[in-house]
Amino acid sequence: MGLPGTYSEQELTSALKAKDEQAFSYLYDNYSGSLYSIILQIVKSPEVASDVLQEVFVNIWRKIESYDPIKGRLFTWMLNISRNASIDMLRSKNYQNSQKNQEITDNVYGDSQVTQTSIDSIGLSKFLGKLRPEQRVLIELAYFKGYTHDEIAQIEDIPLGTVKTRIRNALLQLRELLK
Amino acid sequence: MNVQDYILSGIVESHVLGLASPEENAEFERMCAAHNEVLAARNAFEIQLELGLQKQKLEPPSELKSRIFSEIGIEKSTVAKALLTKPTLIPRIGFARYVAAASLLLLAGSVLLNFYLLGQYKKTIAKNEELIAAQTQVASNNEIMQTKLLNYENAINLMKNPLMAIVKMSGVPKSPDPSSMATVYWDTKSKEVYLLVNQLPKPVANKQYQLWAIVDGKPVDVGIFDSVEGLSFVKLKTIQKAEAFAITLEKKGGSATPDMEAMYVMGKVTG
């Protein structure tokens, strides 16, 4: 573990599954900031990010039973819920309509400027800035836009194998950068 | 592919970040179950990722927590309790408490002061009423004294009058109360008759005393009166001449002829 806090990972998981409200309050206080950061990097708008974060924590509370510690850590589970919810929001009609005018130049289909506009100085985006441009665009599309490797191969017009290799190499660098 | 190559292929990061395909994920889970090194590598990256992202916090809107808690139906009191455990909020809540406590003290003080002032006000009202009553009493006493004083002055003037003939009437032998006594003051000039009751018993109900003048041996009515105590003269009818005066107890309003059986006093006019 080695993480700061008053609960161990195991204690927190057990308390949450027992619907302990104090544990949930602790969970929110401890993790809402980093999850909000990731969500904001995907949906861009603070208002939308707040709505997504609310949905995420409600789902964490309601679906904690489905969390299996054998498959990964609690934070990883919450991070993936947050990313999935954010990408679902990106693809919702309401969101697309509201963003259409603002992001007319931010077209993922072939615009090479896309990665530049999406790079922030926070979180994983910061890491993106340290990647080579051909890796950066793939991580952007895969992680922050939620496209599958097949979709990215079509979008970027490169072979699927190349997509996989570039993404994996980029992720291996992430391990080093997170140290 | 051996296990070490598998770990270094990038599948660990790809799986943890949710970028792997369903087939890749299924294979990864099998490898984790089969090889502790894979599991250890996954765990290490997860912790690394968590520590890294936990350094990149952005504060969500402050009201979001209560919105979430109300959506999942957690009592507000629990949220408040949870908020209390956040040290940054304690001073503000503490201050609010002091303000609340102070305002309660002020309110209590104000209530007590109001009770005190109400008490004082009621006391003042009562005192004022007492004073008014006392003053009324004094005024009425004063009136009584003035009346008495006037009566005394009149009485003294009558007694001082040198033309006044004084006829002392004493209890007759057959009188119902032989100790009875009364005095007639008869102005020899104006012929007015004044009566002073020295002592007469209180008449029974429906009866009144009547003064008679004996003129040429016959009783003449001088007037009815109630027994009056103290130095008080009762002015009765004017009598031109008389040999004697007498008082009988008659029916209320007086009689034409006296009831001789009820004669209390009698006195002869001298000189």
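The values are calculated or read from the model by the stated rules, or taken from the named source; none is laboratory data. Worth saying up front: this structure is predicted, and the values here are computed from it rather than measured. Counting neighbours? That spans all protein chains shown, and the Cβs are built from the backbone with ideal geometry, glycine included.
So here's what we get for this one:
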| quantity | calculated |
| --- | --- |
| Scope segment B:14-23; condition within 7 Å of chain A (Cβ to nearest Cβ) and buried (at least 21 other Cβ atoms within 10 Å of the Cβ); matching residues | B:Ser14, B:Val16, B:Leu17, B:Leu19 |
| Hey, A:Ile39 under 16 Å from B:Gly18 (Cα atoms), facing chain B (nearest Cβ under 10 Å) and either among the aliphatic types (A, V, I, L, M) or in contact with a His (Cβ under 6 Å, 6 or more places away or on another chain) (or both) or not | yes |
| Condition broken by B:Pro203, with the remaining ones in (1) modelled with pLDDT under 90; (2) under 21 Å from B:Leu158 (Cα atoms) satisfied | (2) |
| B:Asp221 being touching a Gly at 6+ places or on another chain (Cβ under 7 Å) and either modelled with pLDDT under 90 or in the same structural domain as B:Ala262 (by TED's automatic domain parsing) (or both) | yes |
| Of residues in segment B:50-65 being within 60 Å of the chain's Cα centre (by Cα) and not in a helix (DSSP H, G or I), the one surrounded by the fewest Cβ atoms within 10 Å (Cβ to Cβ) | B:Ser62 |
| Selection within segment B:179-206 - among the small types (Gly, Ala, Ser), in contact with a Leu (Cβ under 9 Å, 6 or more places away or on another chain) and more than 22 Å from B:Leu163 (Cβ to Cβ) | B:Ser180 |
| Residue count, segment B:24-40 (criterion: surrounded by fewer than 17 Cβ atoms within 10 Å (Cβ to Cβ) and closer than 19 Å to A:Tyr143 by Cβ) | 2 |
| Spans of helices (runs of 4 or more DSSP H) in segment A:72-179 with at least 1 residues within 22 Å of A:Ile39 (Cα to Cα) and modelled with pLDDT of 90 or more | A:74-91, A:133-139, A:149-156, A:160-178 |
| Residues located in segment B:176-196, provided they are more than 57 Å from the chain's Cα centre (by Cα), assigned to a loop (DSSP other than H, G, I, E, B) and not polar (S, T, N, Q) | B:Pro178, B:Lys189, B:Lys191, B:Glu192 |
| Wholly enclosed strands (runs of 3 or more DSSP E) of segment B:197-271 bearing at least 3 residues more than 21 Å from B:Pro173 (Cα to Cα) and not basic (Lys, Arg) | B:218-225 |
| Members of segment A:57-68 found to be more than 9 Å from chain B (Cβ to nearest Cβ) and in a helix (DSSP H, G or I), listed by number | A:Asn59, A:Ile60, A:Lys63, A:Ile64, A:Glu65, A:Ser66 |
| Close pairs from segment A:72-94: first within 7 Å of another protein chain (Cβ to nearest Cβ), partner not in a helix (DSSP H, G or I), Cβ under 7 Å, at least 6 apart | A:Asn80/B:Gly18; A:Arg83/B:Gly18 |
| Selection from segment A:21-56 of residues that are over 16 Å from A:Trp77 (Cβ atoms) and acidic (Asp, Glu) | A:Glu21, A:Asp29, A:Glu47, A:Asp51 |
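Here is a yes/no grid of residues against (1) surrounded by 11 or more Cβ atoms within 10 Å (Cβ to Cβ); (2) facing chain A (nearest Cβ under 9 Å); (3) modelled with pLDDT of 90 or more; (4) part of a helix (DSSP H, G or I):
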site	(1), (2), (3), (4)
B:Arg42	yes, yes, yes, yes
B:Phe45	yes, yes, yes, yes
B:Gln48	yes, yes, no, yes
B:Arg67	yes, yes, yes, yes
B:Ile74	yes, yes, no, no
B:Ala80	yes, no, no, yes
B:Phe95	no, no, no, yes
B:Leu107	no, no, no, yes
